[in-house]
């Protein structure tokens, strides 16, 4: 893996934190919603954020 600068590492950390928080927020909000369409939208959006988080972690662990 090429050398990662401190600035790049901070950006990756911020991105991972954002994706994790977005996933958790969607999951939490989905528990309190009764509208099925909104609940499904939150579930789908949360799954996208979780996948991005998992993909980033997988990429970083391979390098």
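Expressed as an acute angle from 0 to 90° and rounded to the nearest 10, what is the orientation of the C-alpha long axis of helix 6-31 relative to the principal long axis of the chain?
Long axis of 6-31 versus the principal axis of the chain: about 10 degrees.
Arrange 3, 49 by Cβ neighbour counts within 10 Å, fewest through most, would you?
The order, fewest Cβ neighbours first, is 3, 49.
How far, in nm, would the chain grow between residue 25 and residue 55 when pulled straight, counting 0.36 nm per residue and subtracting the alpha carbon separation?
My answer for the length gained is 8.9 nm.
Where does the chain land on Rg(C-alpha)/(2.2 N^0.38 Å)?
1.38
With r defined as the distance between the Cβ atoms of residue 48 and residue 13 and R0 fixed at 25 Å, what FRET efficiency is calculated, to the nearest 0.05?
The pair residue 48/residue 13 has a calculated efficiency of 0.80.
Let me have the 222 nm mean residue ellipticity of the chain computed from DSSP H runs of 4+ only, each contributing -39500 (n - 2.57), with the sum over all residues rounded to the nearest 500.
-30000 deg cm²/dmol
To test your reading of the geometry: what angle, between 0 and 90 degrees and rounded to tens, separates the Cα axis of helix 36-62 from the longest principal axis of the chain?
20
Coordinate-derived values only; no laboratory data. Just so we're clear, the structure is a prediction, and the values are computed from it rather than from any experiment. Positions of Cβ are backbone-derived with ideal geometry, glycine not excepted, and every protein chain shown enters the neighbour counts.
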